[in-house]
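The values are calculated or read from the model by the stated rules, or taken from the named source; none is laboratory data. Just so it is clear, the model here is predicted, and its values are computed rather than measured. All Cβ positions, even for glycine, are placed from backbone atoms using ideal geometry, and neighbour counts span all protein chains on display. Note: areas computed on protein heavy atoms with side chains; ligands, DNA, RNA excluded. Shrake-Rupley method; radii C 1.70, N 1.55, O 1.52, S 1.80 Å.
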There are 2 protein chains.
Amino acid sequence: MTSNSYTFALVGYGGMGKQHKKVLQTIDRAHIAGTFDINKQRQEDANNDGLHTYTSFNELVSDDSIDIVLIATPNDSHKDIAIDAMKAGKHVICEKPVTLNSKELEEILDAAKQYDKVFAVHQNRRWDEDYLVMKKLYDEGVLGDVFHVESRVHGSRGIPGDWRHEKAYGGGMLLDWGVHLLDRLVLLIPEKIKSIYCHLSYVLGNEVDDGFRMQVSFESGKTALVEVGTSNYISLPLWYMTGTNGAATIHDWSMNGKVVTVTKHEDHDATPIEAGAGLTKTMAPRGELSTQDTPLPRIKTDIRDFYDNVMKVIEGKEDPIVKNEEVMRIMKLMEAAFLSHKTNSVIDFE
Amino acid sequence: MTSNSYTFALVGYGGMGKQHKKVLQTIDRAHIAGTFDINKQRQEDANNDGLHTYTSFNELVSDDSIDIVLIATPNDSHKDIAIDAMKAGKHVICEKPVTLNSKELEEILDAAKQYDKVFAVHQNRRWDEDYLVMKKLYDEGVLGDVFHVESRVHGSRGIPGDWRHEKAYGGGMLLDWGVHLLDRLVLLIPEKIKSIYCHLSYVLGNEVDDGFRMQVSFESGKTALVEVGTSNYISLPLWYMTGTNGAATIHDWSMNGKVVTVTKHEDHDATPIEAGAGLTKTMAPRGELSTQDTPLPRIKTDIRDFYDNVMKVIEGKEDPIVKNEEVMRIMKLMEAAFLSHKTNSVIDFE
């Protein structure tokens, strides 16, 4: 570290390692010393991308110029790499899910305390615009009292990559995408969680879950549905949020969606509509006379703020944005979800 | 009853009573003798609609010309009216939910046996085109092995009418709309139900539920989500069904929606998409190279087939389309749903 710049090393140069490299190269005070990956092809990829490659993890952590080790390896290996890096005097940024269970995370956090190092988890999807827009609508009370939120991702390509198919590596979609959706949900609704019920799907016949559907009940009575699907040839919206004065939906990452707010709760002009083999007034859509459609607000967001925050945490200038107690809570929530599926029961959480 | 025509009387002349009158008047061999409603205004409505009105229920059931009594009163009154009508020698068609619990339905079915009368519940939404289209897609295996179905209705006008707000009358949306959605779901997926988890909503502060969300697990592992909402200013689709070879959705009663089927499971050309603050290949939409969009099939449906079937059941010429054991099963399923909400637990069902 020279003056206020930081030197990073990447452990693991797969999809996420390459993504970190791309972002770090746009941050003025971040410098990449090099990478190490146990896979030869990926070492070559790194060389082709103009990066120095270390011949071993030990060589990497022995490099005194390195301030921050960035871990982007399969999930089961995070713990040992993180602890060894901190023991060698490095701060650590780690991919998510940070570990396979809360006990392993506890070991990492103990090590961070013991070696007095910053340990930060790359919960990058807190910087997704779709999430930030829903949070803004929630925080500003645009929809009145929000009583239900749905957060989902639907794909149709199955479980990605190689190791994500295997339990030993910490595969499965609850750990892979669930960790993001749950992390954001509890930031959106900052309340104790009363209980959860989770059903994992095994449509594709893998040994790990290829998706899940989870009902969450908060202390105040608010509810949420969190869902991941990888065999869904039609995608339901990323977000659906409904309150006493309106609703909002975001269909996709192109930010298609809308906000509908009520202008007049009473709607005496309602006339029943033909609905299949019956009439319904209850379910008749409202018109312009009592509701208003507005486009979604837009929010500028920059994932580089995450790396910047980590550097400022190291300097003692900022509190971490991604707090380790938040990461621990989500680990425990995912453990509760696995238990809920295994026992087909509602799990009391907090 | 002269030759093959049947004489009906309507007990209750609110929204559904008027609807029955409208349909019966288009059926050649159905004749309406008259109506009785305890509400004076509705007696006047009936007179204004050209119907004879009886001065009491007793007078109505004493009319020997009447073959079939059609009950469209608040839910709590169905049982006594049905039993009294059958005791007086009439066949009965009854609105749904038939009773407030399975014990009351048992009493009705005992009476039907004792007096040897036909008792039929007007599960009219089995004739909704949206349901029949999903059933056709399911039965023909268009989507491959279906593993999840969602059936919902979303409105934003709260609980309708007057008595539907009160528990004593059998109000609430689980009994009102839930009875339809569950009835159709178990016909769509003809399997034992392993368990259910149901959360009732009380957004509007009524003493009865203004909606619910229910996860259903079937014996084979298939799942369903059944939902009713009355404070939803944006409506999610009426139907969403997903299988190993495709998905189908119906947005509304105008039959907007589509079927997407996979033409090539492998999709090696997939490239990651920018998704918020990260990339995703897993959730990247598929294109024309590996999926095919087709419009929903359309089905002609006629609710008069229900009344016709009841008359043919009376004549011993057909089995009932709406079987009383099916109605009983749904009553028990709704009882399980109320219990699930009350205890916030998963209820084993069959």
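Below are the figures for this structure:
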{"quantity": "Label-to-label distance, nm, for residues given as A:LEU204 and B:ILE273 (7 Å Cα→Cβ offset)", "calculated": "1.7 nm"}
{"quantity": "Long-range tail of P(r) for segment A:223-305 (Cα pairs > 14 Å, %)", "calculated": "75 percent"}
{"quantity": "For B:PHE349, residues with placed amide H under 5 Å, excluding near neighbours", "calculated": "B:SER195, B:ILE196"}
{"quantity": "Number of partner chain Cβ atoms within 10 Å, mean per residue of A:17-23", "calculated": "1"}
{"quantity": "Charge dipole of the protein assembly as shown about the Cα centre (unit charges at C-beta), most positive-ward option of B:THR230, B:ASN101, A:VAL186", "calculated": "B:THR230"}
{"quantity": "Charge context of A:SER102, other residues only, Cβ under 13 angstrom, K/R +1, D/E -1", "calculated": "-3"}
{"quantity": "Per-residue ³J(HN,Hα) for segment A:230-241, Karplus 6.51 cos²θ - 1.76 cosθ + 1.60, θ = phi - 60°, Hz, x for Gly and Pro", "calculated": "10, 10, 10, 7, 10, 9, 7, x, 4, 9, 8, 9"}
{"quantity": "Helix B:324-343 vs. chain B, principal-axis angle (Cα, 0 to 90°, nearest 10)", "calculated": "60 degrees"}
{"quantity": "Label zone at A:GLU166, where the point sits 7 Å out along the Cα-to-Cβ direction: segment A:184-222 residues whose backbone N lies under 18 Å", "calculated": "A:205-210"}
{"quantity": "Computed lengthening from A:LYS103 to A:THR294, 0.36 nm per intervening residue step minus Cα-Cα distance", "calculated": "64.2 nm"}
{"quantity": "Interchain or long-range residues, amide H under 5 Å from A:GLY211's placed H", "calculated": "A:MET173, A:LEU174, A:SER201"}
{"quantity": "Whole-number percent relative contact order across segment B:6-122, with pairs defined as alpha carbons under 8 Å at least 6 apart", "calculated": "24 percent"}
{"quantity": "Net charge contributed by nearby residues that have their C-beta within less than 11 Å of B:PHE218 (K/R +1, D/E -1)", "calculated": "0"}
{"quantity": "Exam field: A:LYS22 pseudo-label spacings to other copies (7 Å along Cα-Cβ), nanometres", "calculated": "5.7"}
{"quantity": "Label 7 Å beyond Cα on the Cβ vector: B:LYS136 copy-to-copy distances, nm", "calculated": "4.4"}
{"quantity": "Rounded if a/c under 1.5, otherwise prolate or oblate - segment A:6-122, Cα gyration tensor axes", "calculated": "prolate"}
{"quantity": "FRET efficiency, 1/(1 + (r/R0)^6) with R0 41 Å, evaluated for A:SER345 and A:GLN25 via beta carbons", "calculated": "0.25"}
{"quantity": "The protein assembly as shown: antiparallel DSSP beta bridges as a percent of all, rounded to 5", "calculated": "60 percent"}
{"quantity": "Total charge dipole magnitude, segment A:64-157, about the Cα centre, Cβ charges on Lys, Arg, Asp, Glu only, Debye to nearest 20", "calculated": "140 debye"}
{"quantity": "Protection proxy ranking, peptides B:53-65, A:123-135, average beta carbon neighbours within 10 Å, highest first", "calculated": "A:123-135, B:53-65"}
{"quantity": "Accessible area (Å², per residue) of chain A, counting only protein heavy atoms and a probe of 1.4 Å", "calculated": "41 Å²"}
{"quantity": "Among the listed pairs A:LYS96/B:LYS264; B:LYS18/B:LYS117; B:LYS40/B:LYS79; B:LYS312/B:LYS332; B:LYS136/B:LYS312, those beyond 30 Å (Cα-Cα)", "calculated": "A:LYS96/B:LYS264"}
{"quantity": "On Cα atoms only, tilt of A:78-87 relative to the major axis of chain A in degrees", "calculated": "50 degrees"}
{"quantity": "Shape call, segment B:73-180: gyration tensor on alpha carbons, a/c limit 1.5", "calculated": "oblate"}
{"quantity": "Sulfur and carbon atoms: percent of accessible area, the protein assembly as shown [1.4 Å]", "calculated": "48 percent"}
{"quantity": "Cα gyration tensor shape for segment A:133-188, rounded if a/c is under 1.5, else prolate or oblate", "calculated": "prolate"}
{"quantity": "Mean Cα-pair separation over length for segment B:259-350, i.e. relative contact order, pairs under 8 Å, 6 or more apart, %", "calculated": "20 percent"}
{"quantity": "Computed helical MRE - 222 nm, chain A, DSSP H runs ≥ 4 contributing -39500 (n - 2.57), nearest 500", "calculated": "-9000 deg cm²/dmol"}
{"quantity": "Segment B:THR55-B:ASP139, extension gain: residue separation times 0.36 nm, minus the distance between their alpha carbons", "calculated": "25.3 nm"}
{"quantity": "Whole-Hz ³J(HN,Hα) from phi, Karplus 6.51 cos²θ - 1.76 cosθ + 1.60, for segment B:174-183, glycine and proline x", "calculated": "5, 5, 7, 9, x, 4, 6, 5, 6, 4"}
{"quantity": "DSSP-defined antiparallel bridges as percent of all bridges, chain A, nearest 5", "calculated": "60 percent"}
{"quantity": "Size of the A/B contact, given as accessible area buried on both chains, probe 1.4 Å, in Å²", "calculated": "5700 Å²"}
{"quantity": "For residues of B:243-254, the mean tally of beta carbons on other chains within 10 Å", "calculated": "4"}
{"quantity": "Mean separation of Cα contacts under 8 Å (6+ apart) over length of chain A, as relative contact order %", "calculated": "16 percent"}
{"quantity": "Amide H within-cut-off set for A:HIS148, under 5 Å, with H built and near neighbours excluded", "calculated": "A:THR223, A:THR242"}
{"quantity": "Net charge over other residues, Cβ less than 14 angstrom from the Cβ of B:SER5 (K, R count +1; D, E count -1)", "calculated": "-2"}
